């Protein structure tokens, strides 16, 4: 048996900050996934039902009325990912890819926010909360993700390690 050089948080956990399926019952992990779900759904509802009010609260310039169409499409994606995260919080291991993709989404968001902040287009007062969320969510999704441990020859995660 090959030993890993990474360190475990607890001896009964997989190496590093990656958890086995049996560790997925950890309350804080489920809570983290559900908090991400709530944030995504809140943004989705805001962009769907109150897009101009949400943008005004975020100190953004109000777009023309026809921009409500792409904002509605954005809302759909926030809502779908939010509902999906709530559902997978009960059994995240088979959905490892989706958890990692959320981490990637947050890193892209952070990059855009940093670029707009550094160019003076946006102020820290406008993007500070979003940047904080992007950092903790991306770290959570990349570091505290379920391990890829297929169980059985027809397991859906088999061969899909990322």
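Among 101, 79, 49, which comes first, second and so on when ranked by fewest other beta-carbon atoms within 10 Å?
So the ranking, lowest neighbour count to highest, is 49, 101, 79.
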* Percentage relative contact order, segment 24-143, counting C-alpha pairs under 8 Å, at least six apart -> 30 percent
* To do: Could you line up 137, 108 from fewest to most neighbouring Cβ atoms inside 10 Å?
  => 108, 137
* Asked: Fewest first, what order do 85, 50 take by the number of other Cβ atoms within 10 Å?
  -> 50, 85
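Computed from the coordinates by the stated procedures, all read-outs in this text should not be read as laboratory data. Everything quoted here is computed from the prediction, not taken from an experiment. Cβ coordinates were reconstructed from backbone atoms using ideal geometry, including for glycine residues, and neighbour counts include every protein chain displayed.
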